[in-house]
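S.K.: Take this structure first; my questions come after.
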Amino acid sequence: SVVVTLARNQQYMVDIDPVRRSAIADSKTIGDGVARSLHHNNLAMGYLFAGETDTAYLNAVRALELSPEIDFLWLNLGAIYSRAGNERASERAYHSALALNPGSRSAMNNLMVLHDRRGEFAQAEFWEAQILSHRQRNPYYHAYLGELASEQGEYEQARRHFQDAIKRKRDDAELYYWLGKVYLDLQEPQLAIRYIQQAVESAQLVSQREEYQALLDQLIKPALAAM
């Protein structure tokens, strides 16, 4: 998380969605044009961090020429404009990112900070509200809260968070797996078996399915022996 201090003497915590293991394991083939655009984007960010704003801008524009449909390329161009002191162009770039991805919390956050810095507090508060609303709709934010609650031994609270996450995304096997593990902590093995079985059935990756099945097997054997 990063804490941003706003001109209104408020501190705003920017939390990053935790990356799920399924997302890490997933892969996607991209075309040569996209690969080149990402290469230029990486160069742009490297030059930006080195303080070479003009060269960063040239590479960011080249990246967008190759793949104008990628929303985060517009975000990075906006960051370059902001570093150069051109806030109007920066604002337009962030709105271009939102046009491509209306759920881009990074774009919303950048707009909030930009308007706050300019003293446009009503607009800053609008984007702050949009960020909070988006976060509440994000299943992985609720899953993150569930993991935190579980680590702290607050298992009933963790159960509610994972159920909220599943309501928002019913096709993620890992959410069912985590809910099953919480039911284990709550000493409710039958419900644990139910949700871990659902995780096995929903898993898209072989490694993921094997992990879930291993725990399911451990749970089913004692349950059968007790019958």
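The values are calculated or read from the model by the stated rules, or taken from the named source; none is laboratory data. Values in this document were obtained by computation on a predicted structure and should not be read as measured data. With ideal geometry, Cβ positions are generated from the backbone for all residues, glycine too; neighbour counts draw on all protein chains shown. Note: areas computed on protein heavy atoms with side chains; ligands, DNA, RNA excluded. Shrake-Rupley method; radii C 1.70, N 1.55, O 1.52, S 1.80 Å.
S.K.: Across segment 19-72, what is the total count of residues that are in a helix (DSSP H, G or I), at pLDDT below 95 and among the basic types (Lys, Arg)?
M.R.: 2
S.K.: Can you give me the number of residues within segment 96-108 that are surrounded by fewer than 18 Cβ atoms within 10 Å (Cβ to Cβ) and over 15 Å from the mean Cα position of the chain (by Cα)? Steps first, please.
M.R.: Taking segment 96-108 and keeping what is surrounded by fewer than 18 Cβ atoms within 10 Å (Cβ to Cβ), we get 99-103.
If we keep only those that are over 15 Å from the mean Cα position of the chain (by Cα) as well, we get 99-100.
Adding up the residues that qualify gives 2.
Results for (1) basic (Lys, Arg); (2) within 21 Å of ASN41 (Cα to Cα), shown as yes or no for each residue.
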position: PHE72; (1), (2): no, yes
position: SER104; (1), (2): no, yes
position: MET112; (1), (2): no, no
position: ARG118; (1), (2): yes, no
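S.K.: Applying the selection to segment 156-169, what residues are open to solvent by 70 Å² or more (accessible area, probe 1.4 Å) and either under 17 Å from TYR212 (Cα atoms) or touching a helix residue (DSSP H, G or I) at 6+ places or on another chain (Cβ under 6 Å) (or both)? Give the steps one after another, and end with the answer.
M.R.: Filtering segment 156-169 down to residues open to solvent by 70 Å² or more (accessible area, probe 1.4 Å) leaves 156-157, 160, 167-168.
Within segment 156-169, GLN157, ARG168 meet the criteria.
S.K.: So, one more: Which count do you get for residues in segment 49-68 that are open to solvent by 90 Å² or more (accessible area, probe 1.4 Å) and in contact with a Ser or Thr (Cβ under 9 Å, 6 or more places away or on another chain)?
M.R.: The qualifying residues number 2.
S.K.: Which number in (1) under 30 Å from SER207 (Cβ atoms); (2) open to solvent by less than 30 Å² (accessible area, probe 1.4 Å); (3) touching a His at 6+ places or on another chain (Cβ under 9 Å) marks the one condition that ALA124 misses?
M.R.: (1)
S.K.: Among the helices (runs of 4 or more DSSP H) confined wholly to segment 109-188, which include 2 or more residues that are more than 17 Å from the chain's Cα centre (by Cα) and closer than 30 Å to GLY78 by Cα? Reasoning before the result, please.
M.R.: Numbers: elements: 121-137, 139-151, 155-168, 173-185.
Filter on segment 109-188 gives 121-137.
S.K.: Separate question: Looking at segment 139-146, can you tell me whether even one residue there is over 27 Å from MET112 (Cα atoms) and touching a residue at least 24 places away in the same chain (Cβ under 8 Å)?
M.R.: Of all residues in segment 139-146, those over 27 Å from MET112 (Cα atoms) come to 146.
Going one step further and asking which of them are touching a residue at least 24 places away in the same chain (Cβ under 8 Å), we end up with 146.
Scanning segment 139-146 turns up at least one residue that is over 27 Å from MET112 (Cα atoms) and touching a residue at least 24 places away in the same chain (Cβ under 8 Å).
S.K.: Let me ask you something else. Taking the stated definitions as given, is SER106 over 28 Å from ASP32 (Cβ atoms) and either in a helix (DSSP H, G or I) or of a type in the set (Ser, Thr, Tyr) (or both)?
M.R.: No; evaluated as a whole, the condition is false for this residue.
S.K.: What are the pairs, 6+ residues apart or on separate chains, where a residue within segment 193-207 that is in contact (Cβ under 8 Å) with a residue 24 or more places away in the chain and open to solvent by less than 80 Å² (accessible area, probe 1.4 Å) has its Cβ under 9 Å from a residue that is among the basic types (Lys, Arg) and not in a helix (DSSP H, G or I)?
M.R.: So the pair list comes out as SER202/ARG170.
S.K.: Turning to a different aspect of this structure: Could you tell me whether ALA173 is out of contact with any Asp or Glu (no Cβ under 6 Å at 6 or more places or on another chain), under 30 Å from PRO102 (Cβ atoms) and surrounded by fewer than 16 Cβ atoms within 10 Å (Cβ to Cβ)?
M.R.: Working: out of contact with any Asp or Glu (no Cβ under 6 Å at 6 or more places or on another chain): yes; under 30 Å from PRO102 (Cβ atoms): yes; surrounded by fewer than 16 Cβ atoms within 10 Å (Cβ to Cβ): no.
Taking the combined requirement at face value, the residue does not satisfy it.
S.K.: Then there is this: Does ALA93 satisfy the criteria of being open to solvent by less than 30 Å² (accessible area, probe 1.4 Å), assigned to a helix (DSSP H, G or I), touching a Gly at 6+ places or on another chain (Cβ under 9 Å) and within 30 Å of HIS40 (Cα to Cα)? Before you say what the answer is, go through the steps one by one.
M.R.: Numbers: open to solvent by less than 30 Å² (accessible area, probe 1.4 Å): yes; assigned to a helix (DSSP H, G or I): yes; touching a Gly at 6+ places or on another chain (Cβ under 9 Å): yes; within 30 Å of HIS40 (Cα to Cα): yes.
It is true that ALA93 is open to solvent by less than 30 Å² (accessible area, probe 1.4 Å), assigned to a helix (DSSP H, G or I), touching a Gly at 6+ places or on another chain (Cβ under 9 Å) and within 30 Å of HIS40 (Cα to Cα).
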